[in-house]
1. For Glu152 and Asn203 in one chain, what is 0.36 nm times their gap in residues minus the Cα-Cα distance, to one decimal in nm?
2. For Ser87, Ser236, which order do you get if you count the other beta carbons within 10 Å of each Cβ and list the fewest first?
3. Run the numbers on the chain and let me know its relative contact order in percent, using alpha-carbon pairs under 8 Å that are six or more apart.
4. Take the Cα radius of gyration of region 98-181 and divide it by 2.2 N^0.38 Å, with N its residue count; two decimals is plenty.
5. State the Cα centre-to-centre distance between region 114-144 and region 347-371 in whole Å.
6. Report the relative contact order of region 98-181, percent, no decimals, based on alpha-carbon pairs under 8 angstrom and at least 6 residues apart.
7. Considering the convex hull of the alpha carbon atoms of region 45-148, report its projected area averaged over all viewing directions, in nm², one decimal.
8. Can you put Tyr134, Tyr377 in order of Cβ neighbours within 10 angstrom, beginning with the fewest?
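Read-outs: derived from the displayed coordinates by stated rules, not from any lab. In this text the structure is predicted, and so the values were computed from the model without any measurement. Cβ sites come from the backbone with ideal geometry, for glycine too, and all protein chains shown count toward neighbours.
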Amino acid sequence: MPSTEAKLTRQQFNERFRLRECREQALVNCASCSFITGDITKKWEGTSQCTNPLRGRKVKILRPSWGDWNGATEMVCDAYQNRPLPSDVVPITFKEGVGALLNTQFRDCLHVDAKCPYVIEEQRLAKLGGVAKYNRKGEIAIVDITETVPGEVRSDACDMPCCESRLQFQISDPNTYRNRVGIHPNAHDPHRFVRNGITGHGNKSNMDYAEAEAFFGRVGEVASAVAGKGVHAQISAVSNYLYEKVNFLGSKPLSEATNPVFLWGIFHTLALPRYMDDLLKYGSLQDSTGTGADAWVCDERLFDTKKGLDAPLYQLRNIPEGIIPCIDSKGALRNVIRARNTFGECFMLHGILKPLEDGVLRSKGLTHFLDIRHANYHAHEHYWGESGVGFSATASFHEQ
């Protein structure tokens, strides 16, 4: 029991333990805390009281700005203490390098402490067989967090001190709960670049080079099969055909990826040196890469796109991680560039990932290149297209 000198006034307690609105799932709130007394059912009479021994005296639990509104079911603080679990519940334990996602929180908010109030209440709900808001059952999913990077971006993370002190993440925008209750870090904090090398590669397919070549070679047949339905049907058919088998490229080492692959929206163009008079410049990238690749792309998870390059690409002794050279050996990308004077919003490259044999590029730290076989094209809100060896076409959405 704390001494009299250690006890806190209401203001001191609330400042130290962050009194705030509870998360909307409401499994953890003052009403379920072991320090609650009084009648939590009467909202207007303020009969619920907090008896935490750190307080100088017990206080009514009021919802801020609501006068005498009883806030027991809507408020929570960092000093929350769970009531004992049923005797037949074996408390969950976490091994090093694992975390938990809770079904009542839509498996979005990460927790890393077995004693976290949210984790304990999820176990209670699972045992009792009830449901939380939105008819969500109590379930705990254990996830591997051994490769998480301090400072990486997540959509949400637990705000209880036991977890929050170990979850050094940026919170993406928007995070409604954190913004509403004023907990940082939240979406108002400046976004900073953090190398995040933990994203695995897609695994829809695992083709050798010959199989991948044959796969892309059938694109023309897919388009021809629906030629009578118009160009929009052909583009859609090709898009669906590719989507079913092509693996998205993650941010783990390229040696772990399996073919065929595509560079999706998280990859950005650095340069298209062979086919455009006016190169797309990025940072201090200058008029020529001097490297012979048909396109250079960068992964925003591994390369700081806001900072750009410290020198022209061809002058760098070591090319930064996350930059990939692309070779247009079959003219798939060339077809798109020649069809339009400029690119619009984005294009995504599909192809076969291969080890580099070029000694100059390998000496700069590169290991693989993308041998382009297809390009998916989007320009502003009006153009959509697919361009490969056997089929190339663009169309306008609004003309469909």
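1. 16.0 nm
2. Ser87, Ser236
3. Relative contact order of the chain: 10 percent.
4. This ratio for region 98-181 stands at 1.08.
5. Centre-to-centre (Cα) distance: 46 Å.
6. Over region 98-181, the number comes to 31 percent.
7. 9.0
8. By the 10 Å Cβ count, ascending, the order reads Tyr134, Tyr377.
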